[in-house]
Amino acid sequence: MYQAPYFRSDGSAGESVTLPSSLFNGVVHGGAVHQAVRAYLANRRAGTVARKNRARVAGGSRKPWRQKGTGRARQGTIRAVHWRGGGMAFPPRPRSWSQRVPRRVRALARTSAFNSRASEGRVAVIERFDFEVPKTRELAGLLGRIGMPGKTLMLTSGVNRELYLSSRNLEGARVLPFGEESPYDIVWSGMVIIEEAALESLTDAAPLREGPRRRPIRQAGDDSADGEEA
């Protein structure tokens, strides 16, 4: 069982929490992580590069000069690969670089990446990212109070638009909803900060902290009145 530092929404430190064993089970499979990261980077390639070979270069339908008697080397066409402006030998052609990774390997790679960061003490839990409006300065101050140097991956419980907009101008900061991160995102980061509600959304995860629970944040479009039961 891995322990992770806990921070309140204002950046103050709390007691350490135990990470759920359903995700942080201690298994680190380097081969699966390597395969998933390679596939992620390969799938980002456009594969649209192209060059012309001798057949696609315009001109050169006749010999540039006669075969003998000029004192120069014999040439057959100006489209040859050693001519300036000629074709290219074995040119690259448009192709697909996509790679497919089996679903179970992707799941193993994600779990292994999380366990690798947790074993190094580079996973933290935060109560919530409380941003009513996008404020880059407030997010930079929060990360400074937490003490997160380098690249930071923030995983939220659902889509957090205000946090995402706040992080766009911060170098080395990335915001994703929990569950949508790839093994590459986890390996890319130096520190992973996960919202408490995101970890508790796991099926067999117990509450990370004892004591009274905070009231759930009311979502936009929720027409039910506060305190009413369906």
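None of the figures in this text is laboratory data; all of them are computed from the coordinates on show. Just so you know, these numbers come straight off a predicted model, no measurement behind them. Here Cβ is always computed from backbone atoms with ideal geometry, including for glycine, and neighbour counts include all displayed protein chains.
May I ask for the longest run of the chain untouched by chymotrypsin sites (Phe, Trp or Tyr not before Pro) that are loop-located per DSSP and have at most 16 neighbouring C-beta atoms (other than their own) within 10 Å? Result for the longest clean stretch: 98-230. Please return the longest range in the chain lying between exposed loop sites, taking GluC sites (Glu not before Pro), DSSP loop only, at most 13 other beta-carbon atoms within 10 Å, and leaving the sites out. Here the longest run is 16-119.
A full extension of the chain between residue 21 and residue 165 corresponds to an added length of 48.6 nm, given 0.36 nm per residue minus the alpha carbon distance. Bridgeable lysines around residue 151 (alpha carbons under 30 Å apart, same-chain partners fewer than 8 residues away excluded): 135.
Karplus-derived 3J(HN,Hα) values for the stretch 59-76, using 6.51 cos²θ - 1.76 cosθ + 1.60 with θ = phi - 60°, are x, x, 7, 9, 5, x, 8, 5, 5, 10, x, 9, x, 9, 5, 6, 9, x Hz; glycine and proline are entered as x. In the chain, helical runs assigned H by DSSP with n ≥ 4 each contribute -39500 (n - 2.57); averaged across all residues and rounded to the nearest 500, the mean residue ellipticity at 222 nm is -7500 deg cm²/dmol. Here the dipole of the stretch 1-110 is about 1760 debye; that uses its Cα centre as origin and unit charges on the Cβ of Lys and Arg (positive) and Asp and Glu (negative).
Each residue, residue 104 and residue 55, gets one label point 7 Å from its Cα in the Cβ direction; the gap between the two is 4.5 nm. Among the trypsin sites (Lys or Arg not before Pro) found in the stretch 105-183, those both in a DSSP coil and sparsely packed, with 15 or fewer other Cβ atoms within 10 Å of their Cβ, are 135, 151, 168. Between the entries (i) 18.8; (ii) 20.9; (iii) 21.9, the label attached to Kirkwood radius over Cα pairs in Å calculated for this structure is (iii). Between the beta carbons of residue 188 and residue 120, assuming R0 = 25 Å, the FRET efficiency works out to 0.95 to the nearest 0.05.
The label-point distance for residue 88 and residue 34, in a model that sets each label 7 Å from Cα toward Cβ, rounds to 3.1 nm. The stretch 72-122 to the stretch 9-27: how many Å between their Cα centroids? Each part's Cα centre sits 38 Å from the other's. Among beta bridges identified by DSSP and lying wholly in the chain, the antiparallel ones come to about 15 percent.
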